[in-house]
Amino acid sequence: MKTDSLSLAAEKIGEILGAEMELHEGFWQVIKKRTIKAHKSFDMCVSWSLELSISFKPSTHNQVAINKAEVFLLPEELASFTGALIQHPIHFPSSFSQRLSTERGMHCIRLASKEPPEDFAKRLTEALCVLS
């Protein structure tokens, strides 16, 4: 991707994600936080801030990028999130990987793909919407 088209792609992805992408040494990145509220008891509400990191780096193939995301999920969110990813109308590319780990009682799902960054962002954004 050329610099101009890369900037336009970053702007479009920022719109899809509802955040501004930042350029860091050859790749575009956004780090967002989402707030989770849970009722611990009848009169006590607790909230957490969970981080979401998304980046993409242009590859040598036109309109294709190396996309990565790291999403922290509560245990009860994992099935809904992964189900939404699987059922999304934009199918996974052949070069897609997903890794799951558990950190501090939460799941961390790391996604990586080689595809147009807009497709990656749309699939990810819609999967996050099922959590709201």
Checklist entry - Across the stretch 94-123, what is the total count of residues that are touching a His at 6+ places or on another chain (Cβ under 9 Å) and either touching a residue at least 60 places away in the same chain (Cβ under 8 Å) or under 13 Å from GLU70 (Cβ atoms) (or both)? => result 3
Item to check | Filter result (out of contact with any Lys or Arg (no Cβ under 8 Å at 6 or more places or on another chain) and part of a loop (DSSP other than H, G, I, E, B)) within the stretch 93-109 | outcome: SER94, ARG104, GLY105
Checklist entry - What's the number of the condition GLU77 fails, among (1) open to solvent by 30 Å² or more (accessible area, probe 1.4 Å); (2) not in a loop (DSSP other than H, G, I, E, B)? => result (1)
Checklist entry - Looking at the stretch 64-97, which of its residues are touching a strand residue (DSSP E or B) at 6+ places or on another chain (Cβ under 9 Å) and more than 16 Å from THR125 (Cα to Cα)? => result VAL64, ALA65, ILE66, LEU74, PRO75, PRO93, SER94, SER95, PHE96, SER97
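The values are calculated or read from the model by the stated rules, or taken from the named source; none is laboratory data. Because the structure is a prediction, the values reported are computed rather than measured. As a convention, Cβ positions derive from the backbone with ideal geometry for all residues, glycine included, and neighbour counts pool all protein chains shown. The area values use the complete protein model at the heavy-atom level, side chains included, leaving out ligands, DNA and RNA. Shrake-Rupley method; radii C 1.70, N 1.55, O 1.52, S 1.80 Å.
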